[in-house]
């Protein structure tokens, strides 16, 4: 099974929050899977972890441990490379869905997933707006349907 994670879903693997237990249980049951990520996630995951430090939810030492784990695990993921084509597609997605709440970085995540759509069985995101747009783009976002 091939699963596209946005950054919010990847974050759940490294920091316990709402949805982490469900995600881990699903991955444990699935066992044979590949995780696809946009290269954008390499930047977004660092930003998400340091935001937790700024907000007082993680100590600087805890964040350093999380970053080290991510750096260690990064070779296990399949990356969709960012390129000009994805950025142009992101612009079009903003035109199509911007009034429905699609933001710039989410448009890049969506365009990255569209690039590998024929290989993806499931898309997971913690963002309800983005999830509704993935569904509009004919992606399966339902763990329970598998």
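The values are calculated or read from the model by the stated rules, or taken from the named source; none is laboratory data. Only a predicted model underlies this, so the values are computations on that prediction, with no experimental measurement involved. Every residue, glycine among them, receives a Cβ derived from its backbone with ideal geometry; neighbour counts consider all protein chains shown.
One table, with the values for the structure above:
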read-out	value
Boolean, residue 20 is more than 18 Å from residue 116 (Cα to Cα), in contact with a strand residue (DSSP E or B) (Cβ under 9 Å, 6 or more places away or on another chain) and modelled with pLDDT under 95	no
Matching residues, the range 19-36, being in contact (Cβ under 8 Å) with a residue 24 or more places away in the chain and either under 15 Å from the mean Cα position of the chain (by Cα) or in a loop (DSSP other than H, G, I, E, B) (or both)	19, 23, 32, 33, 34, 35, 36
Residue within the range 30-45 that is more than 28 Å from residue 137 (Cβ to Cβ) and either in contact with a helix residue (DSSP H, G or I) (Cβ under 6 Å, 6 or more places away or on another chain) or loosely packed, with under 14 Cβ neighbours inside 10 Å (or both) present	no
Residue within the range 53-61 that is closer than 28 Å to residue 117 by Cβ and either surrounded by 13 or more Cβ atoms within 10 Å (Cβ to Cβ) or in contact (Cβ under 8 Å) with a residue 40 or more places away in the chain (or both) present	no
Hits in the range 37-59 - residues which are part of a helix (DSSP H, G or I) and either over 30 Å from residue 85 (Cβ atoms) or over 16 Å from the mean Cα position of the chain (by Cα) (or both)	50, 51, 52, 53, 54
In the range 4-18, residue nearest to residue 107 (Cα to Cα) [restricted to those that are in contact with a helix residue (DSSP H, G or I) (Cβ under 8 Å, 6 or more places away or on another chain) and outside any helix (DSSP H, G or I)]	6
Residue in the range 64-74 that is in contact (Cβ under 8 Å) with a residue 40 or more places away in the chain, touching a strand residue (DSSP E or B) at 6+ places or on another chain (Cβ under 6 Å) and either under 23 Å from residue 1 (Cβ atoms) or surrounded by fewer than 11 Cβ atoms within 10 Å (Cβ to Cβ) (or both) present	no
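For every residue, the table says whether it meets (1) surrounded by 14 or more Cβ atoms within 10 Å (Cβ to Cβ); (2) part of a strand (DSSP E or B); (3) touching a residue at least 60 places away in the same chain (Cβ under 8 Å).
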| position | (1), (2), (3) |
| --- | --- |
| 85 | no, no, no |
| 90 | yes, no, no |
| 105 | yes, no, yes |
| 114 | yes, no, no |
| 126 | yes, no, yes |
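Matching residues to (1) more than 15 Å from the chain's Cα centre (by Cα); (2) under 22 Å from residue 11 (Cβ atoms); (3) modelled with pLDDT under 95:
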{"residue": "68", "(1), (2), (3)": "yes, yes, no"}
{"residue": "89", "(1), (2), (3)": "yes, no, no"}
{"residue": "98", "(1), (2), (3)": "yes, no, no"}
{"residue": "107", "(1), (2), (3)": "no, yes, no"}
{"residue": "113", "(1), (2), (3)": "no, yes, no"}
{"residue": "116", "(1), (2), (3)": "no, yes, no"}
{"residue": "123", "(1), (2), (3)": "no, yes, no"}
{"residue": "128", "(1), (2), (3)": "no, yes, yes"}
